[in-house]
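Here's the structure we're looking at; comments come further down.
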Amino acid sequence: MIRFPDIEWDPEDYDSWYKKEPGKTIDLMETDCILSLLFPIEGSKILDVGCGTGNFTKKLLCLGFDVVGLEPDEKMRKKAIKKGLKCVEGVAESIPFEDNSFDAVISIAAIEFFQDKIKALNEMLRVARKGGKVVIATITGQWAKYYEKLGKDGHKIFSHARFPDIEGFSKHPNFEKIRFCLRSSPGETPAFTRERSTGRAGFAVLLFRK
């Protein structure tokens, strides 16, 4: 049985990252990258796997989509519901929905905490309708190394993170394409002008299609 790791999530601390710099600017960059692969969507029903407090879920709701969040942590889930979002309990490796239930499935910076990443991907594909998109976004490159170091130093969240093998995921039979963003290094002030470069990136968005 898949059990969610015993992580001490703090919903208020989690949300505060999006309200101040550099989190606000990084969030804009990542959102732009994610939506560039997620859109267009045929249909309106979306599942957000590992939605946390529902920050990206809410963006999709505001865009007019019928979006449901899936979140195993009770405190994070309650915060998402308090924001007026639909959010149910569950883990990515055993999604509590029937086959072909959603027009698209997303998972934003959550796969780092999944115990069985391939099983989670296959579950997302299972609940997507035929031809539907599955979009997974993850921290990578120098930002992954930065958070890995924090984890090794005992960070209460990133000590549980395991960053995925992007090259391995790109060999999955349902893989379609990948895009990168966040060219700024940890400690640098993020700038959209730097996104035009082809240097190392800290955020990857992978598109799979059922």
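The values are calculated or read from the model by the stated rules, or taken from the named source; none is laboratory data. A quick note: this is a predicted structure, and the numbers were derived from the prediction, not measured. Using ideal geometry, Cβ is built from the backbone for each residue, glycine included, and neighbour counts are taken over all protein chains shown.
At-a-glance table
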item	result
Candidates ARG162, ARG183 - the one that is assigned to a loop (DSSP other than H, G, I, E, B), of a type in the set (Lys, Arg) and under 17 Å from the mean Cα position of the chain (by Cα)	ARG162
Neighbours by Cβ (under 7 Å, 6+ apart or cross-chain): first from region 156-169, within 11 Å of ALA144 (Cα to Cα); second among the small types (Gly, Ala, Ser)	PHE158/GLY151; ALA161/GLY151; PHE163/ALA144
Qualifying position, being closer than 24 Å to ALA128 by Cβ, without any contact (Cβ under 8 Å) to a residue 60 or more places away in the chain and touching a strand residue (DSSP E or B) at 6+ places or on another chain (Cβ under 9 Å), among VAL68, VAL91, VAL49	VAL68
Listing of strands (runs of 3 or more DSSP E) fully contained in region 40-141 that carry 2 or more residues being crowded, with 24+ Cβ neighbours inside 10 Å and at pLDDT 95 or above	45-49, 66-70, 102-108, 128-139
